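The values are calculated or read from the model by the stated rules, or taken from the named source; none is laboratory data. What you see is a predicted model; the values in this text were computed from it and never measured. Methodologically, a virtual Cβ is constructed for each residue, glycine included, from the backbone with ideal geometry; neighbour enumeration extends over all protein chains shown.
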Amino acid sequence: MGVGIEVANLNAWYGTNHTLQDITLNIPANHATALIGPSGCGKSTFVRCLNRMHETNPIARVTGTVRMGDLDIYQGATPVEVRRRVGMVFQRPNPFPTMSIYDNVAAGLKLNGYSNRKSLDEVVEKSLKNSALWDEVKDELKKKSGASLSGGQQQRLCIARALAVDPEVLLMDEPASALDPVSTSKIEDLIFQLKSQYTIVIVTHNMQQAARVAEKTGFFLNGRMVEFDSTHKIFTNPSDKRTEDYITGRFG
Amino acid sequence: MKKGTEESVQEEFQLRTRLRWLVDKAATSLAVLSTLLVILPLVAIFIYLIIQGAHSLNLAFFTQIPKPVGEVGGGMANAIVGSVTLLVIASLLGVPIGIGGGIYLAEFGRGTKFANGVRFTADVLNGVPSIVMGLAAYALIVVPQHHFSALAGGVALGIMMIPTICRTTEEMLLMVPHAVREAALGLGVPNWRSVLSITVKTASPGIITGCMLAFARVAGETAPLIFTALGNDYWSTSLNQPIAALPLQIYVYALSPYDDWHRLAWAGSLVLIVLIVLAVSLVRFVTSRGVLKGAS
């Protein structure tokens, strides 16, 4: 089951560049939350702060609190523990190039020392079914390399890989921006199914996509969160003039 | 007037097309020529070695030790075994240290002063003449032990392998896309595990090439062995005793005034090259299947 995320006074820097300023919001459990805004507004940095990937860059810095259920991810846990509970899907599909489809999905468990073959088989099958890839790859699981799949299949493979470690939260950083329309709609259908079991945060440039998949939407601009509300309200009757300007295509 | 302009434009276009065709052909020919020049020395050496050395190759060459001056026959069995022994010692020392250092430079020490110092040292070490490497091993091992030994020779060769392996490992690791590292970290894999199981594995074909280059380079070295392994006309497999080596034997035989020894030197050179080619092919073959399958 997913957990809610409470973010309070989150600030983030790249060197001297203050990329996130005083972000406070509550992301509801078992729903999809979309983050929109022009390029460079800080939305990717924001999701990277939720699984402590931001700090993998040596010049990056974070302050503020992020609570995930009972867990304070910056005070009460190591980055590795956090990332096991928070899965991430990146903008470009990034399967492990030397591994088969099977090994890609099992990678998270295997690399953490899990080796029970029978239950690995089960996890791989379940994860690939959950990411709607099973039927396309089930005959060549161990023969075919993950890198030999099409872009859309690779991205669903990456989703399966993230699901295999059984996270509570799934972060998606523009998961469909490198994909064609058919693959994109498959990913969106997937988000629809997955949100009953996971809390999903999705960064997107595509406003129709946000409107289609998310219950809640946040609008970011210049490192600040301008507005956070139900998706319906954001797209039909935003409170802030800047949100309205962005949605109606006046800038960005 | 207008028609004239059109014609001259046409003419210029045709001229340029022809020029472009010429430049294209010239560039392609230059590339082909360069490729031939790259292959030529190796092929020439190989053919010459076969002409000069093949007729002296017989069973005795691979099974007997050198005979005293004046006696016909004899072989280089001890030198072949000696070279293999030296190269095994060198690889046991050079490969782990080189790869370990490369991993440190690329993954853990990136940007630190210490790493920059190590990188600089490796580059300098790469340029140190091999005879100086021999002197270093002489001072470090031969002098305290008061005798020449296979161990000292192997260590001298091993030290020579380190910088090449270290720097190629670093370069190959840096070529692994950042996205691949992020994917591993994003799964909750600890950094050290991600480095060993994902990054190094992804870069392994390049790292293996680096090791092979270093191996092939030291396999033919003579200078570092002169005052470390010394050479030996008799059977020895002891690491603590002087040991024969193909390059050393070739060196001694080629400088001798005896025709019989000259022929053996040619045969030895041929065997040395064939051994290197075999070793490189074997490693390529083994790593293209089994544990590292998929890495290349």
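General observations
- Hey, B:ARG20 in the same structural domain as B:THR228 (by TED's automatic domain parsing) and among the basic types (Lys, Arg) or not: no
- Considering region B:279-296, the residues that are at pLDDT below 75 and in a helix (DSSP H, G or I) include one that is surrounded by the fewest Cβ atoms within 10 Å (Cβ to Cβ), namely B:GLY290.
- B:THR85 meets each of the listed conditions (1) within 17 Å of B:ALA214 (Cα to Cα); (2) touching a Lys or Arg at 6+ places or on another chain (Cβ under 6 Å) apart from (2).
- When residues of region A:100-131 are limited to those that are farther than 13 Å from A:ARG156 by Cα and touching a Ser or Thr at 6+ places or on another chain (Cβ under 7 Å), the one farthest from the other protein chains (Cβ to nearest Cβ): A:SER100
- All helices (runs of 4 or more DSSP H) inside region A:88-155 with 1 or more residues being over 25 Å from A:SER44 (Cα atoms) and either touching a residue at least 40 places away in the same chain (Cβ under 8 Å) or under 20 Å from the mean Cα position of the chain (by Cα) (or both): A:101-110, A:117-130
- The residue that is nearest to the other protein chains (Cβ to nearest Cβ), among those in region A:138-150 that are more than 19 Å from A:LEU179 (Cα to Cα) and surrounded by 14 or more Cβ atoms within 10 Å (Cβ to Cβ), is A:SER145.
- The set of residues from region B:191-205 being more than 9 Å from chain A (Cβ to nearest Cβ), buried (at least 18 other Cβ atoms within 10 Å of the Cβ) and either touching a Gly at 6+ places or on another chain (Cβ under 8 Å) or without any contact (Cβ under 8 Å) to a residue 40 or more places away in the chain (or both) comprises just one member, B:ALA203.
- Against the list (1) within 30 Å of B:ALA79 (Cβ to Cβ); (2) within 14 Å of chain A (Cβ to nearest Cβ), the condition B:GLY188 fails is (1).
- For A:ALA60, the requirement of being within 17 Å of A:VAL169 (Cβ to Cβ) and either touching a strand residue (DSSP E or B) at 6+ places or on another chain (Cβ under 6 Å) or within 13 Å of chain B (Cβ to nearest Cβ) (or both) is not met.
- With respect to the stated conditions, A:TYR14 is loosely packed, with under 15 Cβ neighbours inside 10 Å and of a type in the set (Phe, Trp, Tyr).
- Meets criteria (within 19 Å of the chain's Cα centre (by Cα), within 7 Å of another protein chain (Cβ to nearest Cβ) and assigned to a helix (DSSP H, G or I)) for A:ARG48: no
- Filtered by the rule that a residue be β-branched (Val, Ile, Thr) and buried (at least 22 other Cβ atoms within 10 Å of the Cβ), region B:209-225 gives a lone residue, B:VAL218.
- Single match in A:THR63, A:THR33, A:THR45 (criterion: of a type in the set (Ser, Thr, Tyr) and closer than 19 Å to A:TYR198 by Cα): A:THR33
- Entry remark, region A:11-38: residues being more than 25 Å from A:PHE251 (Cβ to Cβ) and touching a helix residue (DSSP H, G or I) at 6+ places or on another chain (Cβ under 8 Å) number 1 in total.
- Criterion violated by A:GLN153 - all others in (1) within 14 Å of chain B (Cβ to nearest Cβ); (2) surrounded by fewer than 24 Cβ atoms within 10 Å (Cβ to Cβ); (3) of a type outside the set (A, V, I, L, M) satisfied: (1)
- Qualifying residue in region B:54-77 (condition: of a type in the set (Gly, Ala, Ser) and loosely packed, with under 10 Cβ neighbours inside 10 Å): yes
- Total residues in region B:238-278 satisfying the condition of being more than 27 Å from B:GLY73 (Cβ to Cβ) and surrounded by 14 or more Cβ atoms within 10 Å (Cβ to Cβ): the figure is 1.
- Residue tally, condition surrounded by fewer than 21 Cβ atoms within 10 Å (Cβ to Cβ) and either among the hydroxyl-bearing types (Ser, Thr, Tyr) or within 30 Å of A:ALA160 (Cα to Cα) (or both), over region B:153-175: 2
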